[in-house]
1. If you rank C:His23, B:His196 by fewest surrounding Cβ atoms within 10 Å, what's the result?
2. Just the Kirkwood number for chain A, please: inverse of mean 1/r across all distinct Cα pairs, in Å, one decimal.
3. Label points 7 Å out from Cα along the Cβ direction at A:Asn93 and C:Leu8: separation in nm?
4. Apply the Karplus curve 6.51 cos²θ - 1.76 cosθ + 1.60, θ = phi - 60°, to the phi angles in the stretch B:273-289 and return the couplings in whole Hz, x for Gly and Pro.
5. As an exercise, use a Förster radius of 22 Å and the Cβ-Cβ distance of C:Leu148 and B:Leu345 to find the FRET efficiency, rounded to the nearest 0.05.
6. Around B:Ile137, with a cut-off of 15 angstrom between Cβ atoms, what is the net charge of the other residues, counting Lys and Arg +1 and Asp and Glu -1?
7. So what J values fall out for the stretch B:182-197 if you push phi through Karplus, 6.51 cos²θ - 1.76 cosθ + 1.60 with θ = phi - 60°, rounded to Hz, Gly and Pro as x?
8. Label B:Ala304 and B:Ser32 with points 7 Å out from Cα along Cα→Cβ: what is the distance between them in nm?
Amino acid sequence: MISLVHYLIVSILLFCIGVAGFLCRRNALVLFMSVELMLNAANLAFITFARFQGNPSGSVIAFFVMVVAAAEVAVGLAILVLVFKNRSSVDVNEISLMKG
Amino acid sequence: MELLITLLKVLIIPMLVINLIPLLIWMERKVSAYIQDRRGPNRAAILGVRLGGLIHNIADVIKLFTKEDIVPAGANKFYFILAPAILMFVSFVAVAVIPFADTITLNDGNIFSFQLADLNVGLLYILAISSLSVYSILLAGWSSNNKYAFLGGLRASSQMISYEITMGLAVVAILMLAGSASLNDIVRDQGPLPWHWNIFRQPLAFFLFLAASYAETNRTPFDLPEGESEIVAGYHVEYSSMKFALFFMGEYAAMVIASAVTASLFLGGWQVPFFSTEALRVLAPDFLPPVAFAALVQATVFLAKILFFCFLFVWVRWTLPRFRYDQLMRFGWQFMLPLALFNILVTGVWLLIVP
Amino acid sequence: MQLFFFYLFSLITLSGAVLVVAHPNTLSSAMSLIVSLFGVACLFVLLAAPFVATMQLLLYAGAIMVLFIFVIMLLNPSTNRLVKRLSFGGLLGILISSYLAVILVLRVVSFNKPEEVAISSDYGSLREVGQLLFSTYLVPFEVTSLLLLVAIIGAVVLGRQSLPGGRS
């Protein structure tokens, strides 16, 4: 039978892959995607705990997380498009320079 | 046994959709011909049998199968092949929650339903799955390495995202009335009397949903992603042979799904006008078991409703001109979206006042 | 049967996630992310949360990722060269995250394994989640709508902003 631990391990691995991507990659778009991976790992953990406690609140929290992610992506991508217009690059190493 | 029945359903229900496609293509050609005062396809024949032009589809199939399959230079091959596959996948997966007839309670207490899965989030499932079809068009446009295709892909994505919101909001009013997102519950809630169907209870939601579904399936007046007169053929300009046929079939499969969902939500689905399931079972002739007769009649009526909406698709396509792009966006965001929100408000107030 | 599906969906999720991080082409990363999100949605279904699963498809795959792909296609950034020769920082990142994974997994494995609680057939349905959303969690719900409003305004303002030098 599948236990709590099974799902939690998947969640942990997903989160750590996200962390690795965030630390390794220098492409701002991929950084965003890594954040999405981490948020999904958190969602998975929420739903898992909800299931194993029989408490439906986990679904609600996961729903909130998705809404926040949508807001984050909308603003983040708008900023990114502007940055790209200015610098023709989405590499965070180049963006980090203050000089225009 | 249960697994076997499910497998049979998995085989039969998508087959139904596939077999409706040539019928629709024939219907499109004939209806467009009569609207333009022509005769339509009437030459292809097997041993003199023309079937009113239906044989022409067989000639089409042979032509498409034997054409050269071209992948343009500079195209991203993987996504180029993936794109039409996604479109067909989406169409066949979405049909899983559509009920074709009333459920039957078997002798051993089990319930047999004429749909693949009666999900309690059925309606949301259809919205979610059909929202995936935008990837097919985006990827096709991008991977073709052609600027017309790319323009078509970008147009399609912004259009489909915009109209999806209206579609979702129009459906919310239906959910509020039925109190359930399961399509079977929504159909049962409407009852056999035609004036209780949602098309009369929610006329505004019906028109919003219909218009949004035309936009989602990229049919005229919302066919800017294809726009033959502006961007050649839009996202599938580089496709040939069977890959093109998949896009072609995918469009009609999407029409079938959209018609089936519209019929279920607004036209009472499998409800036979004036005859409830019980009445049908009483009326059954001797040579058929009552439940089978009821299911058969209901499925036939549902199919007729689907074909009616498909006909509406064709009729609209050959009657209305195409929107301009800014008109399309303004129409979606500044007209349809506020109307959908207003409809939800009115429905909510109505539900509060009328117990 | 359920165990088989669990492993299948976990495999889809995790391999999709690895490809997101490792693929040099940004568009392929985004497509792998969609696959991964799809896998997570399937896991949600296994966890008796169909509402969240459909929302995952509708919101993430249907809206957020379309935005991503739209931006990627518009910008068309060159494939990332930093992946081929991994920098010191990148190596450190991998080490840190694997360390994190190892300690977390070791900690979790030592949990005593609770059995699945019996749940009603209504669990995780639209009705139940909706009732919670509009009673217990009404205030957070309204706050998220405010957040979305702010995000919309922010995105519009950023999108309309004209840049110095006459470009817009």
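Please treat every number below as a calculation from the coordinates, not as lab data. The shown structure was predicted, so the numbers you read here are calculated from the model rather than taken from an experiment. Virtual Cβ from ideal backbone geometry, glycine too; neighbours counted across all protein chains shown.
1. Details: C:His23 19, B:His196 13.
Listed from fewest to most nearby Cβ atoms, that is B:His196, C:His23.
2. Kirkwood hydrodynamic radius for chain A: 15.2 Å.
3. According to this spin-label approximation, the distance is 4.3 nm.
4. Coupling constants for the stretch B:273-289: x, 6, 10, 6, 4, 5, 4, 4, 5, 5, 6, 4, x, 5, 6, 10, x Hz.
5. 0.75
6. Once positives and negatives cancel, what remains is -3.
7. Karplus-based 3J(HN,Hα) across the stretch B:182-197 equals 6, 4, 5, 5, 5, 5, 5, 5, 7, x, x, 7, x, 6, 9, 6 Hz.
8. Reported label-point gap for B:Ala304 and B:Ser32 is 2.8 nm.
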